[in-house]
Amino acid sequence: MKPEVLQLSPILIPQIRERLEELFVIRPYYQQADKAAYLAEHGANIRGVITGGHTGITREVLAKLPRVEVVAVNGVGTDAVDLAYCRDLGIHVTATIGALTDDVADLAMGLLISVCRGLCTSDRYVRSGQWPQSPTPLAPLPLARQVSGMRIGIVGMGRVGRAVATRAAAFGCPIRYTDLQAIDAVEHTYVADLIELARSSDALILAAAADGGKAIIDAQVLDALGPEGYLVNVARGKLVNEDDLVAALKAGRIAGAALDVFVDEPHVPETLFDDERVVLQPHRASATVQTRTRMGEMVIASLLDTFAGKKPVGCVTG
Ligand code: 8YV
């Protein structure tokens, strides 16, 4: 009999979906209107869970899955899963570690360039037919901020942070970073204090894990970044106090922000919608065919390992 797997978020790669259907009985929880009834019907037979990094799984849902052996996160962040609770119950939690590093770092640089060079604003300018009305160099577009050579502060020097550093270094950017502690393998300057890092950076790039659940970027940090400074977030929305960010942008206390993640996705503070100093993405950092395929393969491998009685690939629960 094929193991039953509860799916909490969609898989967008057709070949991965087909393989999942071949190997397991997939129960698409995310498509159900009456989720409680669906759990009541199938919960007792579920042996595995597939979920997204942002979606995770609540303790309430886990409690309805008495036979569950593994929560396979189709993503690298496990902050939306209660790891201690899973460990206590002997449930493996896995993540697609390493699969999306390059894509997330690519998007961080893309966002930095977009916000500094006004790419989205200029694109809207051309598309809306305004260019012929006031041809360059008279176009009413402000001159942009040069990216090459910007002082970059990386918050969280894990895999993604390091991949961002490699890219930023190729742009001739001096790099400093903060993390829980200095990392021997990293050649860049460590700055223990986030406010000090913000003060000495032209752009802060957030690449930290959000397991602590704390909004580390608040008014104080934003003020240290200052009116010439930019914030880029490819990690988690909850790392930022969004009210403080909106207020800082509104008052011109920072120069701009480029955000792939938000506190209450898919809801984005509406005041950001017509702010040209902001670039917004709908949590797409890992959304390429190549990366989502690799991630899907890792999810399948971790389910198969678990059901074969092995410690699964990408296990973060030890
Ligand atoms: C994914 C993410 O978009 O890896 C993560 O933690 O949040 C994202 O890369 C998500 O997990 C896709 O389901």
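What to note about this one:
- Matching entry among Thr288, Thr293, Thr306, Thr271 (being surrounded by fewer than 21 Cβ atoms within 10 Å (Cβ to Cβ), over 15 Å from Gly53 (Cα atoms) and away from the ligand (no atom under 16 Å from the Cβ)): Thr271
- Taken over the stretch 242-260, the criterion of being in contact with a Phe, Trp or Tyr (Cβ under 6 Å, 6 or more places away or on another chain) and not hydrophobic (A, V, I, L, M, F, W, C) is satisfied by Gly256 alone.
- Taken together, the residues in the stretch 152-171 that are touching a residue at least 24 places away in the same chain (Cβ under 8 Å) and open to solvent by less than 50 Å² (accessible area, probe 1.4 Å) amount to 12.
- Evaluating Leu249 against the criteria (1) in contact with an Asp or Glu (Cβ under 8 Å, 6 or more places away or on another chain); (2) over 24 Å from Leu204 (Cα atoms) leaves one unmet condition, (2).
- Tally of residues being open to solvent by less than 30 Å² (accessible area, probe 1.4 Å), more than 10 Å from the ligand (Cβ to nearest atom) and of a type outside the set (D, E, K, R) across the stretch 274-285: 2
- Taken over the stretch 226-241, the criterion of being open to solvent by less than 20 Å² (accessible area, probe 1.4 Å) and not in a loop (DSSP other than H, G, I, E, B) is satisfied by Leu231, Val232, Asn233, Gly237, Leu239, Val240.
- Screening the stretch 34-55 for residues that are β-branched (Val, Ile, Thr) and outside any loop (DSSP other than H, G, I, E, B) and picking the one that is nearest to the ligand (Cβ to nearest atom) gives Thr51.
Yes/no matrix, rows are residues, columns are (1) under 26 Å from the mean Cα position of the chain (by Cα); (2) at pLDDT below 95; (3) surrounded by fewer than 23 Cβ atoms within 10 Å (Cβ to Cβ):
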| site | (1), (2), (3) |
| --- | --- |
| His42 | no, no, yes |
| Glu60 | yes, no, yes |
| Ala72 | yes, no, no |
| Gly110 | yes, no, yes |
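- Selected residue (criterion: nearest to Asp260 (Cα to Cα)) from residues of the stretch 90-125 that are among the polar types (S, T, N, Q) and part of a helix (DSSP H, G or I): Ser114
- Among the residues of the stretch 189-208, just one is in contact with a helix residue (DSSP H, G or I) (Cβ under 6 Å, 6 or more places away or on another chain) and open to solvent by 40 Å² or more (accessible area, probe 1.4 Å), namely Arg199.
- Matching residues, the stretch 84-106, being away from the ligand (no atom under 14 Å from the Cβ) and open to solvent by 30 Å² or more (accessible area, probe 1.4 Å): Ala84, Tyr85, Arg87, Asp88, Leu89, Gly90, His92
- Screening the candidates Asp184, Asp223, Asp244, Asp211 for the property of being modelled with pLDDT under 95, farther than 12 Å from Ile154 by Cα and surrounded by fewer than 23 Cβ atoms within 10 Å (Cβ to Cβ) yields one hit, Asp211.
- Consider the stretch 247-265 and keep the residues that are surrounded by 24 or more Cβ atoms within 10 Å (Cβ to Cβ) and of a type in the set (Gly, Ala, Ser). The one that is farthest from Gly153 (Cα to Cα) is Ala248.
The values are calculated or read from the model by the stated rules, or taken from the named source; none is laboratory data. Everything numeric in this text was worked out from a predicted model, so none of it was measured. Cβ coordinates were reconstructed from backbone atoms using ideal geometry, including for glycine residues, and neighbour counts include every protein chain displayed. SASA here: full protein model, heavy atoms, side chains in, ligands and nucleic acids out. Shrake-Rupley method; radii C 1.70, N 1.55, O 1.52, S 1.80 Å.
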